[in-house]
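See below for the structure under consideration.
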Amino acid sequence: MKFKHYSNEDYEAVCGFLIELNRENQNHINWNWARFEWMMEHPEFDKSLTESIGLWMDGEEVVGAAIYDMYFGEAFCGVLPEYETLYPEILDYAYRELRNENGLGIAICDDCADKINMAESAGFAPAEQTETVMRIDLIKELHADLPDGLQYAELDPVKEPYAFQWLLWQGFDHGTDKAEFEREGDIISEIPEFRKHFDPALSVAAKNSDGEYVSYCCLWYSDKTDYAYVEPVCTVSSYRGKGVAKAVIYEALNRARSLGAKKAYVLSDMSFYDRLGFIKDKQFTFYWKRGN
């Protein structure tokens, strides 16, 4: 057993660890390999801190990890079941190395009484802050029609970085002023050059007759798991309430189902997903240890 700081060469091992962590149950599904991959190339992710990620190794296998969430102050702490005695050590490392001026918050599944007890023994206390993971079972093909004048398209952020970021800019309510968008040069320049497991067939958009992308859903799927992960979803404001997002999400889910996915997860508690057939699957409470 040994400890090491993360390096780029550990990427696949960390993905493998997160897959194994969620194999027997989904008590850590809020942190899965797909969220890790999405986060690592997110424009807001602080890559300068990656060496602070802590890994606990048994030979070449990652068996425990402390990973900050985008930047210091919130983190994920996880350990494979047979190595659970390492959890207090992982918590201690995360607090020492990944906290900010407010301390450190970690999200723990409400079903994990043992993890909660260990966190509270380490000085973490529950907060009102929570996050919810919702699930849809992909038992049969889902059906929803795109409105007239729209068609499905695959949107690859590497091949079409401007169109991708412009869609996300509008879809996440930054406005419709293209000049303002273009002034945010750091956004466009931070397009991911490479995502190891990205599948463009699961990066589904709706395009109008003018060739403009108006809605988007990206799914992440590995044949080493039985689930897909939804991240991100957005629709420009002028196309909301027309069933566009539902059709795009269902199209992406059907494609994941054809690849072998039995279910899909999304980190959300929006009633929108209730209406699509998702159910609340896991609830996570944040536990905080405040700074001195």
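The values are calculated or read from the model by the stated rules, or taken from the named source; none is laboratory data. Quantities reported herein were computed from a predicted structural model and do not represent experimental measurements. Reconstructed Cβ throughout: ideal geometry from the backbone, glycine too, with neighbour counts over all protein chains shown.
SER238 - would you say it is polar (S, T, N, Q), outside any strand (DSSP E or B) and farther than 21 Å from ILE139 by Cα? Judged against the criteria, SER238 is a match.
Contact map, segment 20-46: first residue more than 17 Å from ASP111 (Cα to Cα), second residue aromatic (Phe, Trp, Tyr) and in a loop (DSSP other than H, G, I, E, B), Cβ cut-off under 8 Å, separation 6 or more or different chains; pairs are GLU37/PHE198; MET39/PHE45; GLU41/PHE194. The residues of segment 75-99 that are touching a Leu at 6+ places or on another chain (Cβ under 7 Å) and either of a type in the set (Lys, Arg) or within 18 Å of PHE286 (Cα to Cα) (or both), listed by number, are ALA75, CYS77, GLY78, VAL79, ALA94, TYR95, LEU98. Pairs under 8 Å by beta carbon, first residue closer than 24 Å to GLU120 by Cβ in segment 263-288, partner among the β-branched types (Val, Ile, Thr) and loosely packed, with under 14 Cβ neighbours inside 10 Å, six or more apart or different chains? Filtered contacts from segment 263-288: GLN283/THR130; PHE284/THR130; THR285/THR130; PHE286/THR130.
Among the numbered conditions (1) among the hydrophobic types (A, V, I, L, M, F, W, C); (2) within 23 Å of the chain's Cα centre (by Cα); (3) surrounded by fewer than 17 Cβ atoms within 10 Å (Cβ to Cβ), the only one that ALA125 does not meet is (2). Among the residues making up segment 132-160, a single one is buried (at least 19 other Cβ atoms within 10 Å of the Cβ) and over 25 Å from LEU267 (Cα atoms): LEU150.
Restricting attention to segment 37-70, the residues being under 27 Å from ALA256 (Cα atoms) and buried (at least 20 other Cβ atoms within 10 Å of the Cβ) number 1.
Look at (1) modelled with pLDDT under 95; (2) of a type in the set (Val, Ile, Thr); (3) in contact with a helix residue (DSSP H, G or I) (Cβ under 8 Å, 6 or more places away or on another chain) and you find that VAL214 fails only one, number (1). Would you say SER209 is loosely packed, with under 15 Cβ neighbours inside 10 Å and in a loop (DSSP other than H, G, I, E, B)? Yes; evaluated as a whole, the condition is true for this residue.
The strands (runs of 3 or more DSSP E) found wholly in segment 87-168 and carrying at least 2 residues that are touching a helix residue (DSSP H, G or I) at 6+ places or on another chain (Cβ under 7 Å) and not aliphatic (A, V, I, L, M) occupy 151-154.
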